[in-house]
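Working notes for the structure below.
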């Protein structure tokens with residue numbers, strides 16, 4: 001694979017997205033994982049998240065594992081997907097811990113998992129370990145998204161990480177935790193989409209606080225949007 005060519009194509013795509021006058025005509029709420037991952041979040045905060053998701057009919061809600069079962073019960077009648085994070089936010093916990101956490105969430109009926117890749121291991125060149133860890137988690141849960149934390153990677157590493165996610169059998173590659181030094185960019189989304197082809201989904205997350213930005217992420221290649229902002233509600237104000 002010609003990494004340089006992919007990077008240049010992604011840059012061109014990002015420029016097109018940035019300057020586009022016409023945005024995708026989509027039902028945005030069906031793309032949104034409405035998210036609450038702040039460590040200080042209370043049960044009332046989580047209830048508010050769920051109630052807003054139900055009102056807007058967002059695709060899913062994404063929370064820390066402690067709240068996952070609670071959220072599942074709160075939103076299941078509305079047909080909203082419950083997602084929980086694993087190895088969050090650093091990705092540096094033990095492989096068996098990630099596997100056990102995933103198993104517990106699967107047994108609780110949580111439909112999707114957003115797992116943080118072991119970023120340090122990846123940047124150390126431990127590609128086999130990283131792929132095996134993702135494969136182990138993906139073998140437990142049928143719908144795993146892998147957060148590669150693009151702000152911490154070179155462009156070449158973003159491509160390599162995406163290829164590992166594809167090979168490991170995950171369903172999505174995701175840009176960011178929202179807890180690092182940067183979130184999703186149009187360039188990163190375009191690059192991940194080009195690297196993944198049509199084999200898996202791309203989730204854009206981190207710093208997406210407007211409908212305009214969300215639609216441009218979709219134009220860049222995102223299949224899902226992670227955001228802690230009530231985008232539809234803000235648009236209606």
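Taken together, the values in this text are just the output of simple stated rules run on the coordinates, not laboratory data. A quick note: this is a predicted structure, and the numbers were derived from the prediction, not measured. Counting neighbours? That spans all protein chains shown, and the Cβs are built from the backbone with ideal geometry, glycine included.
Here are some notes:
- Test for residue 137: is it within 15 Å of residue 84 (Cα to Cα), without any contact (Cβ under 8 Å) to a residue 60 or more places away in the chain, in a strand (DSSP E or B) and touching a strand residue (DSSP E or B) at 6+ places or on another chain (Cβ under 7 Å): no
- Qualifying residue in the range 101-112 (condition: exposed (fewer than 13 other Cβ atoms within 10 Å of the Cβ), farther than 22 Å from residue 206 by Cα, touching a helix residue (DSSP H, G or I) at 6+ places or on another chain (Cβ under 8 Å) and free of Cβ contacts under 8 Å to residues at least 60 places away in the same chain): yes
- The listed residue being in a loop (DSSP other than H, G, I, E, B), free of Cβ contacts under 8 Å to residues at least 60 places away in the same chain and either within 13 Å of the chain's Cα centre (by Cα) or crowded, with 21+ Cβ neighbours inside 10 Å (or both), out of 170, 222: 170
- Members of the range 90-121 found to be farther than 16 Å from residue 132 by Cα, in contact with a strand residue (DSSP E or B) (Cβ under 6 Å, 6 or more places away or on another chain) and part of a loop (DSSP other than H, G, I, E, B), listed by number: 110, 111
- Count - residues of the range 145-167 that are touching a helix residue (DSSP H, G or I) at 6+ places or on another chain (Cβ under 8 Å) and either surrounded by fewer than 24 Cβ atoms within 10 Å (Cβ to Cβ) or part of a loop (DSSP other than H, G, I, E, B) (or both): 13
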